[in-house]
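Note sheet for the following structure.
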Amino acid sequence: MKPYVFVAMPFRRELNFFFLYIKKDLEDTFVVLRVERGDAKILTRPLMDKIRDQILKADLVIGDVTGGN
């Protein structure tokens, strides 16, 4: 299984490009990585529960703490 990188960041439209840039750069540079953020898959449970689980299973967490979040 590929090492898992979770990106914690606001789900704002203007930040989508930033996330896609980080994801592509990391996955291209370190081919073995799998990079996701909280809205990557279908939401079948409360969002905060899903994000907590993703943080716990991640090998690396990248957090964008700019703004009010």
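How many of the residues in segment 42-69 are over 14 Å from Val7 (Cβ atoms) and out of contact with any Gly (no Cβ under 8 Å at 6 or more places or on another chain)? So the answer is 12. Taking the criterion of being of a type in the set (D, E, K, R) and modelled with pLDDT under 90, would at least one residue in segment 15-38 satisfy it? No, segment 15-38 contains no residue that is of a type in the set (D, E, K, R) and modelled with pLDDT under 90. Restricting attention to segment 6-22, the residues that are free of Cβ contacts under 8 Å to residues at least 24 places away in the same chain and open to solvent by less than 60 Å² (accessible area, probe 1.4 Å) add up to 2.
The values are calculated or read from the model by the stated rules, or taken from the named source; none is laboratory data. Note that the structure is predicted; figures quoted are calculated from it, not measured. All Cβ positions, glycine included, derive from the backbone under ideal geometry; neighbour counts span all protein chains shown. Note: accessible area is taken over every heavy atom of the protein model, side chains too, but ligands, DNA and RNA are not part of it. Shrake-Rupley method; radii C 1.70, N 1.55, O 1.52, S 1.80 Å.
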